[in-house]
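Pasting in a structure now, in structure tokens, and then I'll have a few things to ask.
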Amino acid sequence: MITLRNRNTRPTNMLWDPFFVGPRRVVSRPVHAPTSRIHTNIVKNENGFQIQLAAPGFKKDQFKLEIKDERLVISLQVEKSKTQDESKTESHNTKVLTREFQFRAFEKSFILPKDIDLNEIKATYDAGILSVDLAKKATFVKSVEIH
């Protein structure tokens, strides 16, 4: 006997995901259903971090990035009207048996480390991937002469 189980029903998937080492955490909160999850990659490099969100089927002007209280908030707004795929499948007396495409609004929040330069955050959207580059602040080393 095979038991089917939705992976997204576990409470740990909806609460906290590790992001940076230490007490900093990522808060991921879907706006609508708990099963609408946006998959995220976080990459660390010598210049800072890159956050990659898989969100195919949208336009770049539907995304909104804001910084609120040391948090980067990435959200997506979707119009209430039916998508083209939904209107195509509901015509001609057809019935959708399985629907896995989800075109829903979401909001995802990241607590930023203190060494990120908030003025140097850049975002691009290409081939369904939203990439947000977070550059570290430049560190200046000043030597002091001893007299």
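Looking at (1) over 20 Å from LYS137 (Cα atoms); (2) modelled with pLDDT under 85, find the lone condition where PHE19 falls short.
(1)
For GLU107, state whether it is of a type in the set (Asp, Glu) and loosely packed, with under 15 Cβ neighbours inside 10 Å.
Judged against the criteria, GLU107 is not a match.
Assess whether HIS39 counts as being at pLDDT below 90, surrounded by fewer than 12 Cβ atoms within 10 Å (Cβ to Cβ) and more than 13 Å from VAL132 (Cβ to Cβ).
It is false that HIS39 is at pLDDT below 90, surrounded by fewer than 12 Cβ atoms within 10 Å (Cβ to Cβ) and more than 13 Å from VAL132 (Cβ to Cβ).
The values are calculated or read from the model by the stated rules, or taken from the named source; none is laboratory data. These figures come from a predicted structure and were not determined experimentally. Neighbour counts run over all protein chains shown; Cβ positions are idealised from the backbone, glycine included.
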